[in-house]
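**Q** For reference, the structure I am asking about is given below.
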Amino acid sequence: MAEIRVLDKHTAELIAAGEVVERPASVAKELLENAIDAGATQITLAADRGGIARLQVTDNGSGIEAESIDKAFVRHATSKIATAQDLEHIHTLGFRGEALASIASVARVEVLTRTEQDEYACRYRIEGGEPQGIEPGARPVGTTITVSDLFYNTPARMKFLKKDVSEGTYVGETVLHAALSHPEISFRLLKDGKQQFLTPGDGDLRSAVYAVLGREFARDLLEVDGSSGVYRVSGLVTPPRACRASRGAQHFFVNGRYVKNRTMMAALENAYKGTMMQGKFPGAVLRLDMPAELVDVNVHPAKTEIRFSRESDVFDAVYRAVRTALTAPGSGECRFTLDHGDHGAQKTPAPKAPPAAPARPAGPRGFATMSAAEFRAARKLVEDVPPRPVPGVNKPAGQGGIELGSARAAYGAPPPPAKPMQPEAAMQALNETLLDILPDAPEEARAEQEPPAVHYPASAAAELASLPDAEGRTLLGAVTDALVGMQAASVVPAAKAGDDLTDAPHRTDGEQEEAARISLSALPSEELAPEQIAMEPAAPKPLRLVGEVFKTYIITERGGELCLIDKHAAHERILFEKLAQDYGHVPAQMLLVPVQVNLTAAEKQALLQNLELLADAGLEAEDFGGATVIVRAVPADVPVDDVEDMVVELAAHLAEGGRSALREKTEWVLHSIACRAAIKAGDRTTEAEMLALAQKIMDGTVPPFCPHGRPCVLKITRKELEKQFGRLV
């Protein structure tokens, strides 16, 4: 049996310290909570090298009595609670009495404090859990705690720390949470001697949000204030149009304590259902005030996880308060007015006029945007498409023929008065039609040979000359169809004088076979010798664009299939294949104005750790200090308006999938970039663009599914369609 030993004091303290002090941010959290509990109204935190070299917290609170300083560093010594019953209604942030003892066991700590009753301050030092003595000092009422050389005596813990920049980001996030939970306190953050932010401490939550989260986030926030029984919910939430691509902007507080709670998060997001886009998440700074006996904060050493005694009541309280804020007037919805004219003048009804092009509304002049197609149409840069003549008739436009693409053909205008064809013109048109449908021959031979030896009787020419132009062309088409049918049988029968060509379409199959037999017998015998013919693969059937429905799905026809194509998924797949092919050399566009993106500490750390991967995908970003990164270049296909959401989404995924393989991360980054750059459902798309997208998907150039696995094409055969309509049983 193994021997049971009692660990020495130092080893036991190191083990206990590992539960409380994980990184410099843990030290900052404990010291800030002590300063808030001491009643401070001004708190300054200074960090050097991310808080590893030095982390100092200065406050103007009540201070610590000189005779009690050494007791403060004894484990489980606290002034917050006295009995076990006090654990049922905790009103302070700290209560365990473990923080200072844990910090002192893994760092060098110096405390300079003074109470209002003391004549001078007191300086106390402790290193590795061993006191170094007390001496007098000087400072105003309050406390300054300096923690230096964190984990100097535990190198195993030191090697697991991140880079100084990353650790400093976590420290800044801790101060951010403290500032948002107590807007009545002025917080100041210094990193390596540079001020990151300073909150006014005026008690206004919006001012604190503006100071620590930036102007863009705080600009359109909606105020939340509601009560439900013993629960009161207050704070600020983002309007639906300002939702982000991750949950990094959600901050929850219970009785002034920052917490991570799924109940409050679910209530918040359920309140936004039906108002925000899929894949977006609201931002919020919500505070829940409730009786202390209905919540248990003694669950986790970090005290960020809590338990509610009645979670359903908490859910309802948060949901109703946020929902009320979203449905209130002025909650950020867009309103459009069409009357820009003079409201005071009495308008008289005017007679109805034919519809005209929409005019720009009157009002103050400003900038307006238009699509490329609208710009070309406005500047008359679109070239007229030349009309296509009827096959077999080379007649110039404007001489009585119906031109494809003309206004008369499009709008069904009546044709001009019919003019009879001259006999010579009719005979020439027939000869040209024959030359067009005869088997191909070398250009030299076609140039030298005479028109086909086909004799048209005078009766046929006279009949053509007597017909109107449109009917004459109809007859020409009938003759052409008959000759093409005979050519398919490799026979062009010789017309005899007196034959009525108008009867050609009405010949029976037996008559056509007899004509073919007679024509073959008239050919020389050597021309009837068998010939080896190579079978070539059939050319793919052309793809015809039918149209578009819901501004999302492209309708095409090919052969006997009706194809529905999701234009966003198709374009996303095409862009993904292009990015994957050019990975490492993706063309990027430098932004005229770099985009600043605010991230959480974990998101920023994940992004900075994968800068090389992002650069290979065409995205150039760098640290901008605090919780901000700056984006200087993006792939050429990504719109500038989507840069912030794309970076937030990438950072959130990289933070969640930290253990994923490099290949998986690379593919997901390319997926996200392709999705942001692709055409969105509802975007205006020209016919040429739709046909190009459909052609690339249908000809097998790219796989028929998007990078996320959704299908791009839905095919319906003609047989299946006719079954649905009852044409087939």
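**Q** Residues to consider are Leu614, Leu608, Leu619, Leu662; find the one that is over 20 Å from the mean Cα position of the chain (by Cα) and at pLDDT 85 or above.
**A** Selected residue: Leu608, the only one of Leu614, Leu608, Leu619, Leu662 that is over 20 Å from the mean Cα position of the chain (by Cα) and at pLDDT 85 or above.
**Q** How many residues does region 211-233 hold that are of a type in the set (Gly, Ala, Ser) and in contact with a Ser or Thr (Cβ under 6 Å, 6 or more places away or on another chain)?
**A** So the count comes out to 2.
**Q** If you don't mind, another one. Working only within region 273-289, note down all residues that are in a loop (DSSP other than H, G, I, E, B) and surrounded by 21 or more Cβ atoms within 10 Å (Cβ to Cβ). Working first, answer last.
**A** Within region 273-289, the first condition is being in a loop (DSSP other than H, G, I, E, B), and the residues that meet it are 273-280, 282-283.
Residues satisfying the conditions are Pro282, Gly283.
**Q** In the set Leu100, Leu161, which member is part of a loop (DSSP other than H, G, I, E, B), modelled with pLDDT under 90 and in the same structural domain as Asp192 (by TED's automatic domain parsing)?
**A** Only one candidate qualifies: Leu161.
Rundown of residues vs (1) in the same structural domain as Val27 (by TED's automatic domain parsing); (2) modelled with pLDDT under 90; (3) touching a helix residue (DSSP H, G or I) at 6+ places or on another chain (Cβ under 8 Å); (4) not small (Gly, Ala, Ser), yes/no style:
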residue	(1), (2), (3), (4)
Thr275	no, yes, yes, yes
Gln278	no, yes, no, yes
Ala284	no, no, yes, no
Leu288	no, no, yes, yes
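**Q** State yes or no: is Tyr553 closer than 23 Å to Ala681 by Cβ, of a type in the set (Phe, Trp, Tyr) and in the same structural domain as Ile697 (by TED's automatic domain parsing)? Please lay out each step first, then the result.
**A** On the way: closer than 23 Å to Ala681 by Cβ: yes; of a type in the set (Phe, Trp, Tyr): yes; in the same structural domain as Ile697 (by TED's automatic domain parsing): yes.
In short, yes.
**Q** Further question on the same structure: Of the residues that make up region 58-65, is at least one at pLDDT below 90, among the acidic types (Asp, Glu) and assigned by TED's automatic domain parsing to the domain that holds Ile126?
**A** yes
**Q** Out of (1) surrounded by fewer than 21 Cβ atoms within 10 Å (Cβ to Cβ); (2) over 21 Å from Phe197 (Cβ atoms); (3) at pLDDT 85 or above, what's the single condition that is false for Glu644?
**A** All conditions are met except number (2).
**Q** Please determine, by comparing only the residues of region 676-687 that are of a type in the set (Gly, Ala, Ser) and within 20 Å of Phe550 (Cβ to Cβ), which one is surrounded by the most Cβ atoms within 10 Å (Cβ to Cβ). Give the steps one after another, and end with the answer.
**A** Step one: of region 676-687, the residues of a type in the set (Gly, Ala, Ser) are 677-678, 681-682.
Those left that are additionally within 20 Å of Phe550 (Cβ to Cβ): 678, 681-682.
Numbers: Ala678: 24, Ala681: 13, Gly682: 10.
Checking each candidate, the answer is Ala678.
**Q** Inside region 629-647, can you point out the residues that are assigned to a loop (DSSP other than H, G, I, E, B) and of a type in the set (Val, Ile, Thr)?
**A** Once the filter is applied, which keeps residues that are assigned to a loop (DSSP other than H, G, I, E, B) and of a type in the set (Val, Ile, Thr), region 629-647 yields only Val638.
**Q** Let me ask something else. Given the criteria among the aromatic types (Phe, Trp, Tyr) and in contact with a helix residue (DSSP H, G or I) (Cβ under 8 Å, 6 or more places away or on another chain), does Phe624 qualify?
**A** no
**Q** Which residue, of Ala317, Ala325, Ala267, Ala242, is modelled with pLDDT under 85 and surrounded by 18 or more Cβ atoms within 10 Å (Cβ to Cβ)?
**A** Ala242
**Q** Could you count how many residues in region 548-580 are of a type in the set (Lys, Arg) and assigned to a helix (DSSP H, G or I)?
**A** Applying the first criterion (of a type in the set (Lys, Arg)) to region 548-580 yields 551, 558, 567, 573, 578.
The next check asks that each one be assigned to a helix (DSSP H, G or I); those that pass are 567, 573, 578.
Residues flagged as of a type in the set (Lys, Arg) and assigned to a helix (DSSP H, G or I) within region 548-580 amount to 3.
A quick yes/no check of all residues on (1) assigned to a helix (DSSP H, G or I); (2) buried (at least 17 other Cβ atoms within 10 Å of the Cβ); (3) at pLDDT 95 or above; (4) of a type outside the set (Val, Ile, Thr):
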| position | (1), (2), (3), (4) |
| --- | --- |
| Thr11 | yes, no, no, no |
| Gly18 | yes, no, no, yes |
| Ser26 | yes, yes, no, yes |
| Lys29 | yes, yes, no, yes |
| Asn34 | yes, yes, no, yes |
| Gly39 | no, no, no, yes |
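The values are calculated or read from the model by the stated rules, or taken from the named source; none is laboratory data. Remember, it's a predicted structure, so these values are computed and weren't measured experimentally. Using ideal geometry, Cβ is built from the backbone for each residue, glycine included, and neighbour counts are taken over all protein chains shown.
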